[in-house]
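Trainee: The structure that follows is given in the form of structure tokens.
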Amino acid sequence: MTRQKIEIKKIDNITARQVTFSKRRRGLFKKAQELSTLCDAQLALIVFSSTGKLYEYSSSSMQQVIKRHSLQSEYPEKPRQPSFDELQRHALLTREVAEKTMEIRHMKGEKLENLNLEELKRLEKMIETGLDRVIETKDNKFLQEIDSLKRKGVQLFEENKHLHQMAGTSVVPIDVEILEQGESCESITAISNPEDLDSSDTTLKLGLPFPGSS
């Protein structure tokens, strides 16, 4: 069974009002003490009953809390001003960002009209050096791709050879160096007819076309 919600309004019955006041006051002071203990808060409560009786609670000295409240109301805290070192650091970072941004724009060919001849030469040298590094990296990538394709060609030939051995057919012998010289693995395919093996090795070594090929 749920508790019945109490309507918040003045209690007309004096006895009931005093009982409610006593219970609510104790609960309020208990919550204030818990708040002060849990959160290390400095607080003060002042309550006057309907009969004029004073009740109070303070986490420290009541006078100290009241004095602090008065000072806070008269001289509210102002936002902390940044120190001189912080202002200098901010100005330095702002300048560095602006310089790097302009440097990037110069390398993109923008805002060049304000540069003198020496600055333009230095920019040209920087771009040439960067371009050389890009080309070198690109060439290395190409060589890596070619090497990878050669390894795959050798692997495909070995797999093809293994399949022909399982099927009982013959395969054209090949030296791995042929693939490393750039020959396509498709041009060195297996021959299923043993009669074609007579001149296959010579044909491959001399670079001549297979019989019957155009």
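The values are calculated or read from the model by the stated rules, or taken from the named source; none is laboratory data. Because the structure is predicted, anything quoted here is derived from the model rather than measured. For neighbour counting, all protein chains shown are included, and Cβ atoms are generated from backbone atoms with ideal geometry for every residue, glycine included. Calculation scope for accessible area: heavy atoms of the full protein, side chains included, ligands and nucleic acids excluded. Shrake-Rupley method; radii C 1.70, N 1.55, O 1.52, S 1.80 Å.
Trainee: Filter the range 33-69 for residues that are touching a strand residue (DSSP E or B) at 6+ places or on another chain (Cβ under 7 Å) and among the charged types (D, E, K, R) and give the result.
Mentor: Correct list: GLU56 only.
Trainee: For the range 38-90, name all the residues that are over 47 Å from the mean Cα position of the chain (by Cα) and polar (S, T, N, Q).
Mentor: Listed by number, the residues that qualify are SER49, SER50, THR51, SER58, SER60, SER61, GLN63, GLN64, SER70.
Trainee: May I pose another question? Do we find a residue being open to solvent by 100 Å² or more (accessible area, probe 1.4 Å), out of contact with any Leu (no Cβ under 7 Å at 6 or more places or on another chain), under 24 Å from ARG25 (Cα atoms) and modelled with pLDDT of 90 or more anywhere in the range 38-49?
Mentor: Yes, the range 38-49 has at least one match.
Trainee: Here's a follow-up. Looking at GLU96, GLU103, GLU124, GLU136 in this structure, which one is assigned to a helix (DSSP H, G or I), surrounded by 10 or more Cβ atoms within 10 Å (Cβ to Cβ) and over 32 Å from the mean Cα position of the chain (by Cα)?
Mentor: After applying the criteria, what remains is GLU124.
Trainee: Note down all Cβ pairs under 7 Å where the first residue falls in the range 27-49 and is more than 19 Å from LYS67 (Cα to Cα), the second is open to solvent by less than 90 Å² (accessible area, probe 1.4 Å) and part of a helix (DSSP H, G or I), and they're at least six residues apart or on different chains.
Mentor: SER49/PHE21
Trainee: Moving on. Would you confirm, using the coordinates I've provided, whether SER148 is of a type in the set (Gly, Ala, Ser), open to solvent by 70 Å² or more (accessible area, probe 1.4 Å), on the phi < 0 side of the Ramachandran plot and in a helix (DSSP H, G or I)?
Mentor: no
Trainee: Now a separate question. Which members of the range 53-82 meet the condition of being open to solvent by less than 50 Å² (accessible area, probe 1.4 Å) and part of a loop (DSSP other than H, G, I, E, B)?
Mentor: SER59, SER61
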